[in-house]
1. Heavy-atom accessible area per residue, the chain, 1.4 Å probe: how many Å²?
2. Hey, what angle do you get for helix 76-89 against the long axis of the chain, alpha-carbon based, 0 to 90 degrees rounded to 10?
3. Using a 10 angstrom cutoff on alpha carbons, build the Gaussian network for the chain and name the most mobile of V18, V64, V111.
4. Quick one: compute the contact order of the chain, relative version, from alpha carbon pairs under 8 angstrom and 6+ residues apart, as a percent.
5. How big is the accessible area of T66 in square angstrom, nearest 10, if you roll a 1.4 angstrom probe over the protein chains?
6. Ratio to report: Rg/Rh of the stretch 1-118, with Cα atoms as the point set and Rh obtained by the Kirkwood method; give two decimals.
7. Tell me, what % of the accessible area of the chain is carbon and sulfur with a 1.4 angstrom probe?
Amino acid sequence: MALSEQYIQDEIHPIDIVETLAEHHDWDFDRIGEDQIAMAVEGQWRTYSITLAWSNYDETLRMVCTFEMDPPEDSIPRLYELLNNVNDQCWAGSFTWWAEQKLMVYRYGLVLAGGQTASAEQIDTLINAAVLSSERYYPAFQLLAWGDRTPADALQVAIAEAYGRA
């Protein structure tokens, strides 16, 4: 059964769908309020903090996926260059650096204007895309910050695809 078949398509709150997905995937989560949920999703490199919030005002489901990062101060200009290059490759969502909080952030907003409803598959894909993008570019961010690599060299790690089977 598809995830969306669990719902009748009447006025289902998007955060209710996210909560059901979190239970389905056995993710740790905390329903912060009616319009917001936070969860922890385990990746290969680390556990990512993901928050989704619904805004009735502009009918948007906003997601932020974060991980802690405290790069050396002298690598920050190169980090911004790498972020520009990474974001050129991201078709949905984008990365940003929150210096004050020392967080790398992947953000996406799903606009559901006109009373549209997000399906469980759409939201599941949104969350998985955030984790996959964070996993893909995490090594590049690390190499640039602590491996003294150029943005172009660091990005090559994220571009490289593994072929064959182990």
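1. 58 Å²
2. 50 degrees
3. Among V18, V64, V111, the largest mean-square fluctuation in the Gaussian network model of the chain belongs to V111.
4. 22 percent
5. Rounded to the nearest 10, the figure is 20 Å².
6. When Rh is taken as the Kirkwood radius, the ratio is 1.02.
7. 48 percent
The values are calculated or read from the model by the stated rules, or taken from the named source; none is laboratory data. Being a predicted model, the structure only gives us computed values, none of them experimental. Quick note on the areas: whole protein, heavy atoms, side chains included, nothing else; ligands and nucleic acids left out. Shrake-Rupley method; radii C 1.70, N 1.55, O 1.52, S 1.80 Å.
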